[in-house]
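The values are calculated or read from the model by the stated rules, or taken from the named source; none is laboratory data. Being a predicted model, the structure only gives us computed values, none of them experimental. Positions of Cβ are generated from backbone atoms using ideal geometry, with glycine treated the same way; all protein chains shown enter the neighbour counts. Surface accessibility is based on the protein's heavy atoms, side chains included, excluding ligands, DNA and RNA. Shrake-Rupley method; radii C 1.70, N 1.55, O 1.52, S 1.80 Å.
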Amino acid sequence: MRQAESFKLILQRAEARKGGPAALRALLSEPRTTAELSALPDNLLLAELTKKIFQSGFVWRVVRQKWPGFCEVFFDFDIEKMLLLSDEMLEQKAQDPRIIRNLSKVFTIRDNALMIYHLQREHGSFANFIANWPTSDIIGLWAYLKKHGARLGGNTGPYALRAIGKDTFLLTQDVEAYLKAYGVFDGSISSKKSLQQIQQQFNQWQQESGLSLQQISQTIALSIGENYAGMQQ
């Protein structure tokens with residue numbers, strides 16, 4: 001089985017495929033800084049969690065089109081107001097044509113608002129909690145959201161973190177294919193052991209390159225596969 005390449009080789013291949021260093025750099029995006037993340041309002045973070053939950057297994061474009069309706073129906077995701085919603089009120093809102101009518105996903109809004117509320121009491125804000133979690137253990141943050149949040153397991157939590165601006169890699173189809181081909185992990189990619197192996201490899205690449213986990217993840221994806229326009233890496 002092959003061993004993972006140095007990041008220098010991955011970067012060179014991505015640059016060659018995308019038209020040079022400048023062209024590749026234009027395709028990469030930066031995560032928010034710790035200070036920028038800490039300054040975000042918690043209702044915005046709840047909104048991003050909710051958006052990714054509704055996009056999971058559904059057409060993303062439809063969710064984006066209906067998003068203004070979600071903000072109206074759920075009071076811009078104000079945390080305190082979400083906590084005051086009874087089961088009956090949530091059931092009524094789940095029938096509102098302005099949103100995607102999925103009762104089980106609607107209930108996650110209050111569940112995740114409760115998680116945020118508890119973290120606010122301990123860390124000052126949910127944004128502070130997210131901002132100060134070390135990226136060297138980003139899989140630990142994935143696991144926390146899965147355990148304490150609602151429907152934030154699998155790729156939903158990581159995609160929500162990326163949308164918020166937290167530095168994280170994503171296990172997209174291309175990234176997973178690369179990691180598997182080069183023997184970075186063995187067994188199921190979702191197992192604790194595999195995720196630890198993947199985190200260790202990303203940490204090594206980060207030390208080598210000085211890039212963010214996000215940029216490393218994007219570069220790997222752009223170095224292989226089809227890379228269709230509009231795909232999130």
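Taking the criterion of being among the charged types (D, E, K, R) and surrounded by 13 or more Cβ atoms within 10 Å (Cβ to Cβ), would at least one residue in region 50-58 satisfy it?
Yes, because at least one residue in region 50-58 is among the charged types (D, E, K, R) and surrounded by 13 or more Cβ atoms within 10 Å (Cβ to Cβ).
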Could you say whether any residue in region 89-105 is within 18 Å of the chain's Cα centre (by Cα) and surrounded by 15 or more Cβ atoms within 10 Å (Cβ to Cβ)? yes
Looking at (1) in contact (Cβ under 8 Å) with a residue 24 or more places away in the chain; (2) within 20 Å of the chain's Cα centre (by Cα), find the lone condition where V59 falls short. (1)
Within region 1-49, how many residues turn out to be open to solvent by 30 Å² or more (accessible area, probe 1.4 Å) and closer than 29 Å to V184 by Cα? 27
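Would you check which residues across region 19-35 are part of a helix (DSSP H, G or I) and under 19 Å from F169 (Cβ atoms) and list them?
Matches in region 19-35: L24, R25, L27, T34.
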Being β-branched (V, I, T) and either under 12 Å from the mean Cα position of the chain (by Cα) or over 20 Å from T34 (Cβ atoms) (or both) narrows T168, T135 down to just T168
Residue pairs qualifying under the 6 Å Cβ cut-off, at least six apart or on distinct chains, with the first in region 141-156 being over 19 Å from G57 (Cα atoms) and the second being part of a helix (DSSP H, G or I) and of a type in the set (A, V, I, L, M), are H148/M115
In the set S223, S190, S217, S212, which member is open to solvent by 50 Å² or more (accessible area, probe 1.4 Å) and among the polar types (S, T, N, Q)? S190
Yes or no: region 88-99 includes at least one residue that is basic (K, R) and under 20 Å from Q55 (Cβ atoms). yes
